[in-house]
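The values are calculated or read from the model by the stated rules, or taken from the named source; none is laboratory data. Here the structure is a predicted model, which means the values were calculated and not measured. Don't worry about glycine lacking a Cβ; one is built from the backbone with ideal geometry, like all the others, and counts go over all protein chains shown.
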Amino acid sequence: MRFLLIFILVACSTQRELKYRFSSQKAYLSSLTDEDTVVDKIELSFKEPQVFASGMDSTFLFVKLYDKKGRLLKNVDPMDLTLAASADIDAKPFTLKKGVYKADILPRVKSKDVLMQVDWQDKVKSPMVTLRATTSPIEDALKPLSHDYIESRTFGEITAARGSSFSSSATEEFSFTNSGKNKIAKTSQSSRTFHFEYPEQARQNLALLVDDSMNERVSQTMHSYFMFFPRKKLPVWQEVGEQIKVTLPNNEILLFDKDSKMIQGGVFKEGSIDLNKNYLKRNFADLQYTGRGVLLRVNGRGASPQISYNDQKQIDKEFGASGAKDVLIINGTTDEKCLRPKADFWDDMDVSPIIFKFATDDEFEIYLQNNCGFGLPKF
């Protein structure tokens with residue numbers, strides 16, 4: 001049940017910063033707080049003071065109540081507490097556990113920082129606290145943690161997954177599938193799945209993995225791995241009307257039809273899945289980059305694209321839709337292209353995660369300038 005049983009937009013000039021009020025108090029119910037109980041002081045804190053503003057990642061707001069003698073109060077009716085915030089958020093009702101009141105707080109997609117304050121019966125107010133909300137990477141480099149996905153959750157049209165190193169409120173990937181029949185996936189057995197990955201919410205392995213399949217044989221799946229530069233943001237998605245809008249790490253956009261999951265706009269032109277019955281002759285995802293950033297693309301037939309293996313056909317230097325040898329790098333601003341060996345970017349070991357060697361864009365730009373003759377565009 002949402003916290004928004006009563007939602008009031010406050011116009012008071014003294015609280016313009018906190019224009020949203022969320023209360024679980026029902027007008028027809030009396031407070032269960034003993035009349036002798038008086039709150040004198042309120043303290044606030046967050047379980048995680050910074051949250052990825054994905055629309056899926058939440059944190060707990062903790063509230064401690066004290067009387068005039070500084071004693072912790074544990075007998076206050078949670079419905080006596082009202083939350084005020086500077087932005088619209090999702091929240092659950094306050095609950096009491098071990099003397100601490102808490103509410104689950106979920107910022108909106110691409111939310112800015114949120115100021116918050118809690119009052120008791122409109123008599124005592126807490127100091128204001130700030131929940132930092134960001135779509136920027138939290139760290140540059142991945143830490144040596146386990147990344148086995150142990151939970152998937154569905155948000156409308158999107159499936160999100162989190163890793164074992166994260167709390168239940170933190171996500172590491174979202175994905176969706178075009179499963180046909182349409183002009184891209186022309187048979188009911190064929191599909192194209194888009195996995196937007198951001199393990200540990202770090203900059204290092206921000207990527208899009210696209211899987212083209214014409215049957216259920218995993219060994220015949222055509223994998224394509226894309227990295228977008230400069231890496232400014234974590235990827236986020238929003239439902240806008242009948243479309244899914246995805247903001248890529250370089251702040252460029254992809255637009256998908258919400259029902260079919262076909263690309264309708266943004267920085268990729270999309271062609272159909274190759275249905276050649278001989279999977280050894282099948283092309284990879286026909287996705288043509290039209291953006292201004294730098295795109296890195298690598299392919300793999302039934303195997304991780306970052307790993308070198310027996311497919312020795314050179315990757316197509318135009319858009320990379322065929323071949324799996326080496327890496328294609330495209331500068332969308334200058335239309336320059338560059339082919340480089342996979343070993344320059346990943347160690348040749350089939351482990352999870354396969355870590356990109358350049359955690360920062362500065363390191364990667366030096367590599368590009370030395371080996372491709374161009375750097376990262378500024379936009």
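Assorted remarks:
- Test: ARG282 is buried (at least 17 other Cβ atoms within 10 Å of the Cβ) and either among the aromatic types (Phe, Trp, Tyr) or in contact (Cβ under 8 Å) with a residue 12 or more places away in the chain (or both): yes
- With respect to the stated conditions, ASP274 is buried (at least 18 other Cβ atoms within 10 Å of the Cβ) and in contact (Cβ under 8 Å) with a residue 12 or more places away in the chain.
So that you can scan it fast, the table gives a plain yes or no per residue for (1) surrounded by 13 or more Cβ atoms within 10 Å (Cβ to Cβ); (2) outside the structural domain of TYR225 (by TED's automatic domain parsing); (3) under 23 Å from LEU287 (Cβ atoms); (4) touching a residue at least 24 places away in the same chain (Cβ under 8 Å):
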position: ALA321; (1), (2), (3), (4): yes, no, yes, yes
position: GLU336; (1), (2), (3), (4): yes, no, yes, yes
position: ARG340; (1), (2), (3), (4): yes, no, yes, yes
position: ASP348; (1), (2), (3), (4): no, no, no, yes
position: SER352; (1), (2), (3), (4): no, no, no, yes
position: PHE356; (1), (2), (3), (4): yes, no, yes, yes
position: ALA359; (1), (2), (3), (4): yes, no, no, yes
position: GLU363; (1), (2), (3), (4): no, no, no, no
position: LEU376; (1), (2), (3), (4): yes, yes, yes, yes
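- Qualifying residue in the range 289-305 (condition: in the same structural domain as PRO353 (by TED's automatic domain parsing), closer than 18 Å to SER175 by Cα and part of a strand (DSSP E or B)): no
- Of all the numbered requirements in (1) over 15 Å from the mean Cα position of the chain (by Cα); (2) over 22 Å from LYS19 (Cβ atoms); (3) modelled with pLDDT of 95 or more, THR135 misses one, and that requirement is (1).
- Options PHE256, PHE166, PHE229: the member that is under 14 Å from the mean Cα position of the chain (by Cα), crowded, with 18+ Cβ neighbours inside 10 Å and among the hydrophobic types (A, V, I, L, M, F, W, C): PHE166
- Note on the range 40-150: enclosed strands (runs of 3 or more DSSP E) holding 1 or more residues that are touching a residue at least 40 places away in the same chain (Cβ under 8 Å) are 41-46, 50-52, 59-66, 81-85, 89-91, 100-107, 114-120, 129-134.
- In the range 341-379, residue nearest to the chain's Cα centre (by Cα) [restricted to those that are among the aromatic types (Phe, Trp, Tyr) and assigned to a loop (DSSP other than H, G, I, E, B)]: PHE356
The rows are residues; the columns are (1) touching a strand residue (DSSP E or B) at 6+ places or on another chain (Cβ under 6 Å); (2) at pLDDT 70 or above.
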{"residue": "LEU9", "(1), (2)": "no, no"}
{"residue": "LEU18", "(1), (2)": "yes, yes"}
{"residue": "TYR28", "(1), (2)": "no, no"}
{"residue": "THR33", "(1), (2)": "no, yes"}
{"residue": "VAL38", "(1), (2)": "no, yes"}
{"residue": "SER45", "(1), (2)": "yes, yes"}
{"residue": "GLU48", "(1), (2)": "yes, yes"}
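- Counting only residues that are within 14 Å of the chain's Cα centre (by Cα) and either among the charged types (D, E, K, R) or within 30 Å of MET79 (Cβ to Cβ) (or both), the range 140-163 holds 3 of them.
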